[in-house]
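Contents: one structure, followed by commentary.
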Amino acid sequence: MLIVAGFLGSGKTTLLNHLLRNNRGTRIGVVVNDFGAINIDSMLVAGQVDAMVSLGNGCVCCAVDVTELDDLFTRLAQPRANIDVIVVEASGLAEPRNLIRMVVGSDNPRIRYGGLVEVVDAEQFPSSRERHPELLTHLRLADLVVVNKADRVGAAELETLRGEIADLVGTVPVYATTRGRIDPGLLFDEPLRATRRVAEQLSFDELLAEHDHEHDGDDEHRHLHDDYTSVSFTSERELDPRRLIDFLEDPPPGLFRAKGFAAFGVAAERRKFLLHMVGRHIVFEPGAWRRGEPRTSRLVLIGAGMPSEPTLSRLRETVHNADDFLDEQAMLGVWRYTPH
């Protein structure tokens, strides 16, 4: 579950529209935590509580009050809802901390925190920061900062702005774009769908997505993948859990998500550990290897502006190269991030 926040006019709804049009098969449940008329992908959503509209591409759009969110999340997460990812658009004046707590604290095993994306207006950021000091708090909560409307400022001004935001948020990735255009693969995994049959007619949504893609100018198209980095790491040797935890707790700059599974070189620990990391939120889930499956660790890291080679170099240092096993105390860091 992804939370999108930002002050009024920053471009949250524009970003959502882009995701709805360009996700290539992901079924998104959009939850609008606000009142008033909100136009999402040309579908008008009335402001009454618990209004729900099914969009033509299989997505669902809802407008609810915060007191109704937990029940709605449960409904959208049910398998029969056929939703791949839930995206919550927070009210322009909302405090995102409470939404984060609600998602992270959910007991529903199908609900997993996908990060807080804070959208800021590149042109209006200095004045917004002055008028709304709480914006700084929101930025420090973010797992990804999207600097929208980057085309409205000069290159030097944009670079200065990104530097100022980076000073505020530390290693959190800062992604610059225009018109809310961000690659869905940076935010969530797109599900594997059946391969299209030969001569099958494109759906309206696919035609619209291809039309938008073909008519982007070179500069605008560049922003679709601005600083988007994906790093894959594989090790046939088991990992040292302490070194991996050190890497995750002190991540490379720009890392937004990490996923995969690991085998640890610890005595009496032969399980497969699934890893899910978004921003500062780390979760390990112990499980079983499939029969005949090699005990190979595989991790994928996704970020914006993340340096590939230094990141891979640090990951290689997590490999346990000694012949003897580590003692069970080495797993304490992993247990700290394992749900009970």
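Sequentially through the stretch 148-153, phi angles give Karplus couplings (6.51, -1.76, 1.60; θ = phi - 60°) of 8, 6, 5, 6, 8, 10 Hz, Gly and Pro residues having no value and appearing as x. The accessible surface of the stretch 250-340, taken with every protein chain in place and a 1.4 Å probe, is 55 percent carbon and sulfur.
Proximity of backbone amide H atoms, modeled 1.01 Å from N, is registered between G114 and L2, I3 at under 5 Å, excluding neighbours fewer than 5 places apart on the same chain. For K272, the residues 5 or more places off, or on other chains, whose built amide H falls under 5 Å of its own are G287, A288, W289.
Just the Kirkwood number for the stretch 226-340, please: inverse of mean 1/r across all distinct Cα pairs, in Å, one decimal. When all Cα pairs of the stretch 226-340 are included, the Kirkwood radius is 14.3 Å. Working note: Karplus 6.51/-1.76/1.60 with θ = phi - 60° gives the stretch 125-138 the couplings 4, x, 6, 5, 5, 6, 6, 10, x, 5, 4, 5, 5, 4 Hz, where Gly and Pro are set to x. Here K12 is the anchor, and the lysines within straight C-alpha reach of less than 28 Å, apart from those fewer than 8 places off in the same chain, are K149, K259. The HN-Hα couplings worked out from phi for the stretch 237-248 by the Karplus form 6.51 cos²θ - 1.76 cosθ + 1.60 (θ = phi - 60°) are 8, 5, 9, 8, x, 5, 5, 5, 4, 4, 5, 6 Hz, whole numbers, x standing for Gly and Pro. Database remark: amide H of E95 closer than 5 angstrom to no amide H (H placed geometrically; neighbours at sequence offset of 5 or more, or on other chains; Pro and chain starts carry no H).
Report in % the part of the accessible area of the stretch 85-177 that belongs to carbon and sulfur, leaving out ligands and nucleic acids; probe 1.4 Å. Exposed carbon and sulfur together represent 48 percent of the surface.
The values are calculated or read from the model by the stated rules, or taken from the named source; none is laboratory data. Since the model is a prediction, treat every value here as computed from it, not as a measurement. Heads up: the accessible areas ignore ligands, DNA and RNA and are worked out on the full protein's heavy atoms, side chains in. Shrake-Rupley method; radii C 1.70, N 1.55, O 1.52, S 1.80 Å.
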